[in-house]
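Input: a single structure, listed below in structure tokens.
All of the numbers you see were taken from the coordinates with simple rules; none came from a lab. Not measured: the values here are computed from a predicted model. Reconstructed Cβ throughout: ideal geometry from the backbone, glycine too, with neighbour counts over all protein chains shown.
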Amino acid sequence: MLKFNLLQTLRATILFCSILGYGCEHIWAQELIDQATTILEQSKEFRYSKPDTAMILAQKATEFARQNKNSAVEAACLRNIGILYKNQEDFTKAIEAYRQSLDIYRQLGDSSGVADCSNNMGSVYKYIGNYESALEAYYRCLRIRENSKDSLKLASIYNNLGNFFSFQHKIAQALKYYQQCLEIQKRTGEERGLCRTYMNLGICHLDQDSLKTAFNFFKKSLRIANKLDDHVRIAQLHTNVGLYYENRRHYDSALYYYQRSIGYYHRIGDSYGQALAWHNTSNMLTKKERYLEALDYAQLGLDLSQEINYRNNTRKIYYLLTNIYMQLEIPKRAIANFENYTALSDSLYNEESAQKLSEMQAKYATQEKEQKIQLLQKDQELHLAQIDLRTSQRNAFIMTLIILTILASGIIIFYYQRQRALKLVATKNEELHRKRIDQLLKDQEMKSINAMIEGQEIERKRVAEDLHDRLGSMLSAIKLNFSAIEPQIHKGAAQQKMNDLLDKAVGEVREISHNMLSGVLTKFGLVPALNDLKDTVECSGQIEMQVIVHHLDDRLENQVELHLYRIVQELVSNALKHSRATEIVVQLTRHNGDLTLMVEDNGIGFNKTEVVKKGGMGIKNISSRVSKLGGIWNLDSSKGHGTTTTIEIPV
């Protein structure tokens, strides 16, 4: 009996230890999965700001998932790695990671995962020019999404198909898918999706040179992005609005939006967007012939693009630097950058061809496809030979050009060297003296204008108060006395006319007093005053005026509101007098401690250089008021393209 009890106790102990061991192992495995999931989420956060760190974290998460044999987490990690390789433009590795993830999702029977991977693969295939595989992947995703009844994900694949056809400039098909996407988003009220789709529609119309329609879509998208405080979309929209103004050849406005996009991309940690924004800004400065500034921005963009391995942007900046150095007459650096551009272009082409070759070999095994592969290889060899020939011809041409330039420069320098040396010191002293005089005159002029504006406002207030308090009171008293003796006077046409004139005089005095004091502005603030001005302008029925306000819920300081109102009055008055416009748009946007005022009209425009050179009182008044508010302003106009005035002040 004792032996039996001991045996039972031993068995219970062994069973308890087994259960305890299994529980510990289960807890340890769950901890590994939780850790892998946490690291994966951290990797996603660093995708754009710290891509190298994101890759290390993604590979670690994949290792943990494999150790615990959790296929679902491993598939998610591999898909994330594919996205990181795609961002680095390493498309071969991106496709391989997506394929591994896709195989796992298929084994698990996870159709949603298959759709996500197919969507990602379509984007990579599109980028490397393998449009057949891209469309096949997108349609595979679309079939799954249509059967899943998930409206938001269905809208997403519609959007990507729109992007695919827009990328190929097949605008009719792109618009068809964007419209299907838009209908779902309007029905579900998904504002972030609406913001993205409006932006994509704007890009489509920009591609068709439908500039006004494109700009209207960008405005709709920007309105939603500001409401959601979506800095990612705001950054992208600033880039697209800059492109809109660049197409209109309004380079000042384009430069303004490109430079603003740099700050937004920096805030959200998007290194790729920031590198592209530096390239765009440098390109605009080059078009404005500000080559030294363009050189600084191009170098910043080049350094960042090389750091994050953004090779396509690196290639574009090499080409831009070639042009800048040629304009600066530094041929040695121009040649060096051109050689870098050519080498990188050839490298990207070779990688693209190798990827297409690999795709074809993996997909086709028949003799017919082998022949196609051989043809592609021959085509690649022929292309490389053509590149070598073109490179040799370009180098020979450039070297000949450099030699001729050096010879011509040597002759010119030898002839003018002595005269130039004698004039150099005198010219510099004269220029310095002239700048000092110009600055003193400008300072004195600004003081005079400020004093004049301040005197005008004081005199406006005094005259308005006198009109209202003194002349208005006297006219009211006359009206009262006239009413008292009216029964004693024989009524007739003269008496009625006198009564009407007296009423009209009282009304005119009140209206003049109201206009001079800006009564609506004083009582209710800037926005109601602008709406009051809008109603006055539209009374004629010949011009339409819009007032658009973002994030301006509270009133500003009285002086700030008064100066801004006077500026808008001046700009609207100029548009009514000179522009023959049918539409005026006034936009006020408050964001991160800055207030931006933009006044646009669709009138006949003018020669900006001539107007600024004349420097009329209106321009001087606006400049003085903006300076007094500590702000900056920009006037952008050309004949036949309307006028845009942008003012930015701290509040």
Any number yet on Rg/Rh for region 79-201, C-alpha, Kirkwood?
0.97
Trypsin sites (Lys or Arg not before Pro) restricted to DSSP loop in region 149-212 with at most 16 other C-beta within 10 Å
K149, K170
Among T322, T62, T405, which comes first, second and so on when ranked by fewest other beta-carbon atoms within 10 Å?
T405, T322, T62
For region 189-242 the translational diffusion coefficient, Stokes-Einstein from a Kirkwood Rh over Cα pairs at 20 °C and viscosity 1.002 mPa s, in µm²/s, is roughly 201 µm²/s
Number of Lys pairs in region 164-309 closer than 18 Å at Cα, excluding neighbours under 8 places apart unless interchain, is 6
How far is the Cα center of region 605-651 from the Cα center of region 148-180, in Å?
42 Å
If the label point sits 7 Å along Cα→Cβ of R192, residues of region 223-248 with amide N under 18 Å come out as 223-237
Based on the Cβ-Cβ distance of E45 and D532, what FRET efficiency does E = 1/(1 + (r/R0)^6) give at R0 = 51 Å, to the nearest 0.05?
0.60
For region 522-650, please report how many Lys pairs fall under 25 Å Cα to Cα, leaving out neighbours fewer than 8 apart on the same chain.
18
Averaged over all directions, how much area does the convex hull of the C-alpha atoms of region 220-262 cover when projected, in nm²?
2.7 nm²
Amide H contacts of K288 (H built 1.01 Å from N, under 5 Å, at least 5 apart or other chain)
none
Dimensions of region 522-650 along principal axes (Cα, Å, largest first)?
38, 34, 24
Taking just the alpha carbons, could you work out the radius of gyration and Dmax for region 108-164, both in angstroms?
10.7, 31
What number, in percent, do you get for the relative contact order of region 522-650 if the mean sequence gap of Cα pairs under 8 Å and at least 6 apart is divided by its residue count?
23 percent
For a quick check: with amide H placed at 1.01 Å from N, whose amide H comes under 5 Å from V547's, ignoring anything fewer than 5 positions away on the same chain?
V586
